[in-house]
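The structure appears below as structure tokens.
Any read-out appearing in this document is the output of simple, stated calculations on the displayed coordinates, not a laboratory observation. Computed from a prediction, not measured in an experiment: that's the story for all the values here. Quick reminder, even Gly has a Cβ in these numbers, built from the backbone with ideal geometry, and neighbours come from all protein chains shown.
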Amino acid sequence: MSLLSAEWTALLYLAAAVCFILALKGLSSPKTARRGNLIGAAGATVAVITVFLSAKLDNIPYILLAIAVGSAIAAPISRRVQMTQMPQLVALFNGVGGGAAALVAMLELGHSDGPWVLVAVVFTMLVGAVSFAGSAITVAKLQELITTRPVVFSGMKWVMSLAAVAAVVIGGVVVATGSTGWALLLLVIGLAVGLLLVLPVGGADVPIVISLLNAFTGLAVAASGVVLDNVLLVVAGTLVGASGTILTRAMASAMGRGVSGIMFGAFRGGSTAGSTVQSNRPVRSSNAEDVAVMLAYAQRVVIVPGYGLAVAQGQHTIAELATTLEARGVDVAFAIHPVAGRMPGHMNVLLAEANVPYESLKEMAEVNPEFKNTDVVLVVGANDVVNPAAKTSPGSPIYGMPILEVEDARQIVFLKRSMRPGFAGIENELLFDPKTTLLFGDAKDSLTKVLGAVNAL
């Protein structure tokens with residue numbers, strides 16, 4: 001017997017849906033992102049409680065046990081995950097959501113009536129399986145459990161096409177017969193399609209695929225709402241699918257490439273690929289004291305943060321360096337590229353953690369015209385987002401990607417651990433420019449030395 005009437009159930013679901021919409025709105029700005037997360041969590045809590053109070057549930061002890069086990073696993077992992085591993089965590093969440101939707105649809109197969117509901121079952125199973133398998137590969141690539149380079153083999157595109165056709169045909173058989181055996185085969189093919197879809201993607205393209213798979217998961221959840229006759233799942237899944245699609249297009253635009261080129265570029269040599277090759281060409285290197293003099297006696301300094309800063313956990317040190325320079329009368333700003341790091345907003349969140357004022361963060365379109373009047377650009381752990389090859393090398397995998405035009409500044413300082421290329425796997429000619437100076441070492445250690453030297457002046 002349910003404890004809530006249909007009217008109260010509908011009202012609570014509406015409240016949860018409004019919370020999800022407000023959460024997405026809050027996540028659109030760093031200033032309101034924390035509040036948006038809290039609102040979204042509140043909406044999810046309301047939705048779960050409403051299910052318990054309104055539905056006739058069997059096996060409640062097992063349901064509660066599953067929730068307890070999942071919470072015991074997820075809470076410590078989420079709290080301990082490092083900022084550099086956040087994209088992997090997001091991809092993992094995407095995959096789990098898609099896999100859960102596929103399993104739920106599979107279990108509902110025998111209880112579904114009507115061809116359109118069976119179509120929703122097939123869609124949920126297929127897209128959920130694709131999202132699960134594809135997300136697993138993105139996690140493995142970002143965690144470097146497998147190569148970050150595109151993985152292709154002869155005839156792969158034909159195998160992909162055959163798998164896609166087989167999925168459509170078998171999906172039709174499932175709709176016509178409701179067969180569990182064919183449904184299991186459809187799940188297996190969905191997993192294979194997910195693997196084949198993501199394996200050819202390499203390097204800097206992987207975060208964009210995470211966003212695309214996030215949209216897939218949202219669509220799978222929305223379709224599972226049709227299967228379960230749950231309006232809230234339809235609303236929540238549609239929101240995730242729409243926002244994931246918008247984000248994917250925005251990221252692809254920031255890379256100066258189309259989504260199809262990102263997904264299938266490896267077949268024509270257009271996918272970015274990670275590399276471990278280091279250059280032996282001579283460069284101009286310096287020490288922390290010389291860099292400190294350049295920064296302390298500049299009128300304007302622009303700092304370009306990248307993934308290397310996140311790896312070194314040097315955000316607090318660089319924030320202190322910026323504050324120290326400003327106390328000396330130096331105009332300091334942070335230039336943020338849309339895809340710096342491993343996901344959109346990665347650098348914004350990293351610097352917000354160090355209490356860098358939002359007003360100091362300059363988006364690419366705003367800061368690019370200012371580089372001509374900048375005395376020193378300090379590039380910390382970034383490479384591809386400042387690589388002029390995006391403008392000058394038509395054969396480059398990042399050609400056409402909008403970049404931070406740091407080459408226009410009077411002096412450029414790179415803080416790098418080594419001469420290893422960026423995640424796109426290509427050399428940066430800016431490193432060999434006469435006005436470029438390199439300071440080798442761990443970013444946090446180097447920043448600490450530079451800060452000490454500035455304070456000693």
Farthest towards the positive end of the dipole of the chain, among 185, 225, 340 and with Cβ unit charges of +1 on Lys and Arg and -1 on Asp and Glu, lies the Cα of 185
In degrees rounded to 10, the 0-90 angle between helix 60-80 Cα long axis and the longest Cα principal axis of the chain is 10
Looking at 168, 110, 100, which one has the Cα that reaches farthest to the positive end of the dipole of region 81-268 (charges on Cβ: Lys, Arg +1; Asp, Glu -1)? 168
Can you give me the angle between helix 231-254 and the longest principal axis of the chain, using Cα atoms only, in degrees from 0 to 90, rounded to the nearest 10? 30
Here are some pairs, 391/449; 141/449; 141/435; 362/444; which of them have Cα atoms lying more than 30 Å apart in this structure? 391/449; 141/449; 141/435
Quote the relative contact order of the chain in percent (integer), defining contacts as alpha-carbon pairs under 8 Å separated by 6+ residues. 14
Under the Karplus relation 6.51 cos²θ - 1.76 cosθ + 1.60, θ = phi - 60°, what is the ordered set of whole-Hz ³J(HN,Hα) values for region 386-399, x standing for Gly and Pro? 10, 7, x, 4, 5, 10, 10, 10, x, x, 6, x, 9, 4
By the Cα gyration tensor axes a ≥ b ≥ c (a/c under 1.5 gives rounded; else a/b larger than b/c gives prolate, otherwise oblate), the shape of region 288-456 is rounded
Sort out for me the Cα centre separation of region 29-48 from region 67-82, rounded to whole Å. 18
For residue 355 and residue 24, what does the FRET efficiency come to when R0 = 35 Å and r is the distance between their Cβ atoms, rounded to the nearest 0.05? 0.85
Near the amide H of residue 335, under 5 Å away, which other amide H atoms are found, from residues 5 or more places off or on another chain, if H is placed in the peptide plane? 303, 304, 362
In degrees, nearest 10, range 0 to 90: what is the angle between the Cα axis of helix 315-327 and the longest Cα principal axis of the chain? 40
So the FRET efficiency between residue 440 and residue 320, C-beta based with R0 = 22 Å and rounded to 0.05, is 0.55
Within a 10 angstrom radius of the beta carbon, how do 119, 168 rank from fewest other beta carbons to most? 168, 119
